[in-house]
Amino acid sequence: MQWLRDMWTKEGPGISKNAPKKTGLALFADIFGREWWEMVKLNILFILTALFVVTIPAAIVATARVSVTLVEDRNSYLLRDYVEAFIQYFWRATAWGVAFTFAIGIGVYSVATYAATARDNLVLALPLTIALVVTVFIAVVACHLVVLMVMRDLPAPTLLRLSAIASVVRPLPALAALAFVAALWLAHIVFYPVSVFMPATLNFSLGMFAVAFGVHRAAVMVLALPMAIQAHREPNAGDATHI
């Protein structure tokens with residue numbers, strides 16, 4: 001049974017320290033080429049832990065935690081890291097998941113309502129556009145927030161503020177990541193039944209990896225802001241005072 005345990009607990013292959021640094025799509029493809037089997041296993045973990053529906057937000061955050069590790073080329077012990085993140089972020093992920101589901105749900109409903117009536121009344125084209133932009137922006141903020149949550153332990157207001165800042169400063173990578181996720185599921189639909197195994201093997205983990213890869217630079221940038229540094233120090237200072 002040693003081989004079965006090693007399949008889930010051994011660290012990833014990593015890269016040579018002397019290898020030339022890659023960026024952009026080349027780096028994305030390189031990481032995927034090295035870690036595709038880890039992503040398959042990560043996808044299986046996501047499906048197993050998301051089966052109860054209410055655990056979906058925690059499963060998403062745990063997948064994001066492992067994905068950030070892959071993006072940063074740090075040692076990853078898949079099963080241990082995933083389970084630890086799932087437990088650690090369960091309640092926070094659930095709360096944020098409910099909030100963003102509600103917000104995006106209202107946005108989608110507004111877009112659908114305005115789109116249905118805008119055909120007969122062009123005046124409604126403006127609120128339709130506003131509703132669409134706001135909904136997309138909320139989705140982009142959600143992408144940044146998930147990645148920031150697993151990169152730094154921050155108070156909720158600071159986390160939301162930094163996510164909004166990152167979404168304003170660098171929205172395009174997040175939009176590209178969301179487009180990539182949409183393309184994955186579109187490919188599954190278009191090529192069905194040939195693509196029947198895509199959701200079971202890669203769609204969830206590869207989609208989350210694309211999001212983490214896309215927003216990571218913006219996350220690092222906003223985490224260097226004074227407000228993030230101060231928010232990170234405050235809990236530590238409080239603990240020292242308490243001791």
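The values are calculated or read from the model by the stated rules, or taken from the named source; none is laboratory data. This structure is a prediction, so every number in the text was calculated from the model and none was measured. Keep in mind that these areas ignore ligands, DNA and RNA; they rest on the heavy atoms of the full protein, side chains included. Shrake-Rupley method; radii C 1.70, N 1.55, O 1.52, S 1.80 Å.
Across the range 187-200, coupling constants 3J(HN,Hα) worked out from phi with the 6.51/-1.76/1.60 Karplus curve, θ = phi - 60°, read 4, 4, 6, 5, 9, 5, x, 4, 8, 4, 8, 4, x, 7 Hz, and Gly and Pro carry x. Divide by every residue of the chain the summed helix terms, -39500 (n - 2.57) for each DSSP H run of at least 4, and state the resulting mean residue ellipticity at 222 nm, rounded to the nearest 500 deg cm²/dmol. Counting only the DSSP helices, I get -26500 deg cm²/dmol.
Using only C-alpha positions, report the orientation-averaged shadow area of the convex hull of the range 105-243, nm², one decimal.
In nm², the orientation-averaged hull projection of the range 105-243 is 11.7.
Among ASP153, ASP73, ASP120, ASP30, the order of accessible area from largest down is ASP120, ASP153, ASP73, ASP30, computed with a 1.4 Å probe on protein heavy atoms.
Across HIS232, HIS188, HIS144, the residue with the most accessible area heads the list, and the full order at a 1.4 Å probe is HIS232, HIS188, HIS144. Expressed as a whole percent, the accessible surface of the chain that belongs to carbon and sulfur atoms is 72, based on a 1.4 Å probe. Residue by residue, the range 152-161 carries 3J(HN,Hα) couplings of 8, 7, 10, x, 4, x, 5, 4, 5, 5 Hz when phi is fed to the Karplus relation 6.51 cos²θ - 1.76 cosθ + 1.60 (θ = phi - 60°); x denotes Gly or Pro.
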